[in-house]
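Worksheet for the structure shown next.
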Amino acid sequence: MMGRNQKNIDDFFKRQTPKEEPEELKKYIDELKKGIDPNKQTFTDKIAVFFKDLSEKVRIYYPGTKKKEVSSKPSTFRRKLTIIYKKLWKRLSDKFNFEAGVDILDDTSVLYRRNIVNKNILMLANIVLFIFTIIGNQDPNYVIIAGFAIVMFAINTSLKKIIHEEPRTLLKQQLAMYIGSVYILVASFGVYIKLVWSATDLKVTEVLNSLVGGVIQNISNPDLIETAVSVSEIEVINRAFYAATDASIAQAGYILIYFALVVIALYQDATLLRILSKWVIVFMTVLHIFILYPLHEIDGITNLYNFLAVDNYNVTIDIILRTILLIVFFVALYSSVSIGEMMNSKRKVELIKRRELEIDFKAVVGDVFDVIGVFNSNTINQNIEEVHRLAELASRLASVLGLSSNVCTEIYDYSVIHIEKVQNLSILEYEGKEALNEKDYQVIREKTILGSVIIKRLQLNQKSEDIIRAHFEKTIEPGFTERMKRVQRSQEGQVILMAEMYDILRQNRNYKNKLKHTRVIDLLQLEFKEYFEPYILDRFIKYESEFESFYDKYKYTS
């Protein structure tokens, strides 16, 4: 294997093409001609750069963010804790990952995964709702709590059965989605209603009448009356504190309704959100009228009008603001879900195209590899020993030319690649796969690059055969020499071509007999010199006795 810092062996044999100006440079020059400086910073750019630099400085000097220098190896116990933490975090994140192991082209699989994740979220929501139900007031009703727990258990059990029941169908998953959405919504409404109804209702006049009035009537001592009044004031304050606390908890329960809407939005179904939005606005209006402000207790339209428009217009403002906030929240959720659906649709389209390209890609690559195998077996007249001998010749020639040891090694590897690596081109294990993952793509890409290198190596081998055959059969046509010289003209290519042609000339072919070393040297100098740079041929001739000795004595060892 070649090191990463070494030149890619394929780069040796790329045809040199004149460099063109990059499109970015052309665009830059055109803008300069129009009087626009692409590097000019506007006021907004300067502000953005300022905040970017500030954030980087904060990141550097903010305590706890600077990376600690490791001076010693952490203890085994600490490493184990780190591993356990990472495993637990991964397991937890997988429970709430909407795309873990999902084929986005399979609607059933996608919705099934969303139901699984939302069910995990519902488990957390159930805990929150149950806590609110238990501690939501000073005097909890355990019958209601028990009833809520039973309903919660029954719905979640049914939901789990519907989601996991085989066979998994899109209809079942949609049913589970609607049940889960309606359940979390109704549960949040129920918890809020329960919190409001069970909250302490503070009426100061009634408290004073019941706690103070009766006591004063039965006491004649003025000092005792003053003491009784003080005690009653403390009781009123306590009752006021309890009422304020319950009202605060009830408002927190009101926020649970918005939390339920966010959970529903996680299904990324705009239709579901659009249907539920109408009903939620209706039910929220009912809550405002009958629960938040019990306007139904006011008799007559005139009294209701006076209450809302004259005496307590702030109630009207509060209801209107709450409704507007709900509508704006729905618009934001719907926009987010719509964008998510649009992006998922585009991802599906792109994935479908990618799957189609995968099929064509695997077919084309497989056909190319098959052609390489057939061409290699039918046109290469070399065995393993001959190929490695040729590679040694090329590597030694590169050495006497003064090339680096890395380049000499790369030339050797390239010389044998069509024999040693051709078996690595098989992609049979991937042809049965419906979809390729990123790892599969990387493997096939590496095989494709290897295939292109092998094709170039076979091209070089064929070039040497064509040149020698044409000269021996006297079939050289006008332009043949120039056409051959344009094929892999690099220095490394000529080094391998020299070794290849020497090896072919020393062997039998159906169009010639094998030649002796002296005759081969004469032919290289007289017939084939035009195919090489003079210095390459000169170095080969200068060390020709060493090449002859090596060729005659070479023995292949695996």
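When Tyr554 is tested against (1) modelled with pLDDT under 90; (2) touching a Phe, Trp or Tyr at 6+ places or on another chain (Cβ under 9 Å); (3) of a type in the set (Ser, Thr, Tyr), only condition (2) is not met.
With respect to being over 39 Å from the mean Cα position of the chain (by Cα) and within 24 Å of Ile184 (Cβ to Cβ), Leu287 fits the description. Take the residues in the range 501-529 that are loosely packed, with under 11 Cβ neighbours inside 10 Å and part of a helix (DSSP H, G or I); name whichever of them is farthest from the chain's Cα centre (by Cα). For the range 501-529, the residue satisfying everything is Thr518. Contact annotation: no residue pair with Cβ atoms under 9 Å, 6 or more positions apart or on different chains, pairs a residue in the range 472-495 that is in the same structural domain as Ile536 (by TED's automatic domain parsing) and over 13 Å from Gln459 (Cβ atoms) with a partner that is at pLDDT 90 or above and exposed (fewer than 10 other Cβ atoms within 10 Å of the Cβ).
Could you please let me know if Arg445 is in a loop (DSSP other than H, G, I, E, B) and modelled with pLDDT under 85?
On the way: in a loop (DSSP other than H, G, I, E, B): no; modelled with pLDDT under 85: yes.
No: the conditions fail for Arg445.
Within this structure, Ile536 fails the test of being assigned by TED's automatic domain parsing to the domain that holds Glu410, among the β-branched types (Val, Ile, Thr) and more than 54 Å from the chain's Cα centre (by Cα).
The values are calculated or read from the model by the stated rules, or taken from the named source; none is laboratory data. These numbers come from a predicted model, not from an experiment. Neighbour counts are summed over all protein chains in view; Cβ atoms, including those assigned to glycine, are modelled from backbone coordinates with ideal geometry.
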